Amino acid sequence: MAEPDRHRIVRLRRRRSSRAIRRMTRETTLSPANLIYPIFVTRCGTGPINSMPGVSRVDIHGAVEVASRAAELGLAGVLLFGIPRSKAPGGQMACKADAVVPAAVRAIKKAGSNIAVITDVCLCSYTDTGHCGMLAEDGRGVDNDRTLPWLARMAQVHADSGADIVAPSAMMDHQVRALRQGLDSQDHSEVSIMSYSVKYASAFYGPFRDAADGSPRFGDRRTHQMDCCNAREALREAQQDIDEGADFLMVKPALAYLDVVRRIRERMEGIPLAAYNVSGEYAMVKAAAEAGLINEQAVVMEILHSIRRAGADLVITYHALDAARWLHHQA
Ligand code: PBG
């Protein structure tokens, strides 16, 4: 008998030959416990969000219901965004104990759902300018250091209401330190910080800004959010947040920045990493699916696995409830 030919012995297709074998050789896993679902909560103007089919603004009662559904499905957490009734120059509404987000957190906690409650900490939905903080007097973007106390105060109010994790998304330098100091000074050393460490100035946020009514009335966010051409700089942002006491890091958006997710995962092994599969990424999938151009479920599962494969522990996604349902059916 002839020597078996090496090229014929190695058959990579063997590992794909049945569903059972494919399942036992999977390198990347995805479970509902990896997913976080964003909730837009408001006291006025509830209902569907045109730019994000399938997503609605809900009132406090609705937020409690969604959080309990998310908990039943086994999701890791919900991430709350508030849409206030009125806006003010300093975003004072964001820092009131009876503002919509702290009220929703209290209601979710009172209902006893077993799920992490995360709150977004940024002023852009609350300021009359739509900017993420106080504007600099010279007109050059947001004044970093005048904004920090507002963010710290907002986080304290969220912590007072029972939030498990606060998530600063304003991209102000030293926001993590400001939040940590503020929380610790109010006996909230147990509350974690999930920092939007690496947040790019991205056109993929368009639908969200509709949803949260947080578009800048003039100018843009390029003086504080990162430039899409840079990845090495992302490592400095991430390191700075670790040094200031962040408990989780985040990269945002996810899909156009999977290389950044991978780099941070490799360099910063010790810290949980989230990636935010943002509104524009969601809206593109929805639009293509509604036009009959793609299979939504298959595409979403492929996207979520790709974000996990790049190295994210957690994925924040508007598809979280659907994906969890699909995962349960598949199991
Ligand atoms: C607030 C914030 C934004 C998003 C999350 N937090 C908008 C922005 O920075 O302009 C975007 C989320 C999404 O697009 O899904 N600063």
Since residue 146 meets every condition but one in (1) open to solvent by less than 10 Å² (accessible area, probe 1.4 Å); (2) not in a loop (DSSP other than H, G, I, E, B), which condition does it not meet?
(1)
Between a residue in the range 277-296 that is farther than 19 Å from residue 210 by Cβ and among the acidic types (Asp, Glu) and any residue that is within 16 Å of the ligand (Cβ to nearest atom) and modelled with pLDDT of 95 or more, which pairs come within a Cβ distance under 8 Å, given they are 6 or more apart or on different chains?
296/285; 296/286
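Matching residues to (1) within 26 Å of residue 309 (Cα to Cα); (2) modelled with pLDDT of 95 or more; (3) open to solvent by 60 Å² or more (accessible area, probe 1.4 Å):
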| site | (1), (2), (3) |
| --- | --- |
| 8 | no, no, yes |
| 23 | yes, no, yes |
| 27 | yes, yes, yes |
| 31 | yes, yes, no |
| 64 | no, yes, no |
| 72 | yes, yes, yes |
| 104 | no, yes, no |
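Pick out, from the range 199-296, the helices (runs of 4 or more DSSP H) lying fully within it that include 3 or more residues that are more than 15 Å from the ligand (Cβ to nearest atom) and β-branched (Val, Ile, Thr). I'd like the intermediate steps shown before the answer.
On the way: elements: 206-212, 232-243, 258-267, 279-290.
Filter on the range 199-296 gives 258-267.
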Any idea which of (1) within 15 Å of the ligand (Cβ to nearest atom); (2) modelled with pLDDT under 95; (3) not in a helix (DSSP H, G or I) is the one residue 85 doesn't satisfy?
(1)
Looking only at the range 65-79, decide whether some residue is over 20 Å from the mean Cα position of the chain (by Cα), basic (Lys, Arg) and away from the ligand (no atom under 16 Å from the Cβ).
no
Criterion violated by residue 312 - all others in (1) assigned to a helix (DSSP H, G or I); (2) under 30 Å from residue 189 (Cα atoms); (3) not hydroxyl-bearing (Ser, Thr, Tyr) satisfied
(1)
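Report whether or not residue 103 is under 17 Å from residue 157 (Cα atoms), of a type outside the set (D, E, K, R) and part of a helix (DSSP H, G or I). Walk me through how you get there before you give the answer.
Values: under 17 Å from residue 157 (Cα atoms): yes; of a type outside the set (D, E, K, R): yes; part of a helix (DSSP H, G or I): yes.
So residue 103 fits the description; yes.
Do we find that residue 230 is out of contact with any strand residue (DSSP E or B) (no Cβ under 7 Å at 6 or more places or on another chain), closer than 25 Å to residue 54 by Cα and open to solvent by 10 Å² or more (accessible area, probe 1.4 Å) in this structure?
Working: out of contact with any strand residue (DSSP E or B) (no Cβ under 7 Å at 6 or more places or on another chain): yes; closer than 25 Å to residue 54 by Cα: no; open to solvent by 10 Å² or more (accessible area, probe 1.4 Å): yes.
Against the criterion (out of contact with any strand residue (DSSP E or B) (no Cβ under 7 Å at 6 or more places or on another chain), closer than 25 Å to residue 54 by Cα and open to solvent by 10 Å² or more (accessible area, probe 1.4 Å)), residue 230 does not qualify.
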Mind checking whether some residue in the range 129-145 is within 13 Å of the ligand (Cβ to nearest atom), over 19 Å from the mean Cα position of the chain (by Cα) and free of Cβ contacts under 8 Å to residues at least 60 places away in the same chain?
yes
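Any residue at all in the range 212-220 that's small (Gly, Ala, Ser), out of contact with any Ser or Thr (no Cβ under 6 Å at 6 or more places or on another chain) and at pLDDT 95 or above? Let's see the steps before the verdict.
The first filter runs over the range 212-220 and keeps only residues small (Gly, Ala, Ser), leaving 212, 214-215, 219.
From what's left, out of contact with any Ser or Thr (no Cβ under 6 Å at 6 or more places or on another chain): 215, 219.
This time we only want the ones that are at pLDDT 95 or above, so: none.
Looking for residues that are small (Gly, Ala, Ser), out of contact with any Ser or Thr (no Cβ under 6 Å at 6 or more places or on another chain) and at pLDDT 95 or above, one finds none in the range 212-220, hence no.
Give the residues of the range 269-284 that are surrounded by 18 or more Cβ atoms within 10 Å (Cβ to Cβ) and not aromatic (Phe, Trp, Tyr), sorted by residue number. Steps first, answer last, please.
Going residue by residue through the range 269-284, those that are surrounded by 18 or more Cβ atoms within 10 Å (Cβ to Cβ) are 273-283.
Once the filter is applied, which keeps residues that are surrounded by 18 or more Cβ atoms within 10 Å (Cβ to Cβ) and not aromatic (Phe, Trp, Tyr), the range 269-284 yields 273, 274, 275, 277, 278, 279, 280, 281, 283.
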Restricting to the range 161-187, and then to whatever is more than 24 Å from residue 141 (Cα to Cα), open to solvent by less than 20 Å² (accessible area, probe 1.4 Å) and outside any strand (DSSP E or B), can you tell me which residue is nearest to the ligand (Cβ to nearest atom)?
163
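The values are calculated or read from the model by the stated rules, or taken from the named source; none is laboratory data. Keep in mind it's a predicted model, so treat the numbers as computed, not measured. Backbone-built Cβ (ideal geometry, glycine too); neighbour counts: all protein chains shown. Please note that ligands, DNA and RNA were not included when accessible areas were found on the heavy atoms of the full protein model with its side chains. Shrake-Rupley method; radii C 1.70, N 1.55, O 1.52, S 1.80 Å.
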